[in-house]
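Please see the structure below; I have some questions.
Every number here is computed from the coordinates shown, using simple stated rules; none is lab data. In this text, all values refer to a predicted model and were calculated from it rather than measured experimentally. Cβ placement follows ideal geometry from the backbone for every residue including glycine, while neighbour counts extend to all protein chains displayed.
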Amino acid sequence: MKTLLIMCGTGVATSTVVTGKIKDWLKENNLENTVKLYQSKISDEINSIDNYDVVISTTIVPDNLKSKVINGVPLLTGVGKEDVFIQLKEKLTN
């Protein structure tokens, strides 16, 4: 089972919206039973990013972590959301 962390600045607002969209997408793609979702704030997770298979963030992450984190802002705006889902599927199925 893959682990997926969705994080934002406070672990409440935007990460909750993105979590809902990710849950819907996982269900549509028959992946809901293959992924364990976690939701948190960046300050709690900054040192444990490597503990997750996939990380999506709606807030700015340090430069040294950018290659490990998918930018989740498109899931809030709708602009570029398909690219996020492509990246997510790639990481979850490899």
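For the chain, what's the relative contact order in percent, using C-alpha pairs closer than 8 Å and at least 6 residues apart? Could you put the intermediate results ahead of the total?
Details: 133 pairs, mean separation 31.5, N = 94.
RCO, the chain: 34 percent.
For every other residue with a beta carbon closer than 11 angstrom to the beta carbon of TRP25, add +1 if it is Lys or Arg and -1 if Asp or Glu, then tell me the sum.
+1
Same structure, new question: For the chain, state the average projected area of the convex hull of the C-alpha atoms over all orientations, rounded to one decimal in nm². Working shown, then result.
Details: hull surface 21.8 nm².
Dividing the Cα hull surface by four gives the mean projection, 5.5 nm².
Follow-up. Run the dipole for the chain about the Cα centre, Lys and Arg Cβ at +1, Asp and Glu Cβ at -1, nothing else charged, and hand back the magnitude in debye, nearest 20.
Details: 11 positive and 11 negative charges, 22 e Å.
I would put it at about 100 debye.
At 4 °C and 1.567 mPa s, what whole-number value in µm²/s does Stokes-Einstein give for the translational diffusion of segment 12-56, with Rh from the Kirkwood sum over Cα pairs?
113
Select from ILE49, PRO74, VAL61 the residue farthest towards the positive end of the dipole of segment 42-81; place +1 on Cβ of Lys and Arg, -1 on Cβ of Asp and Glu, and compute about the Cα centre.
PRO74
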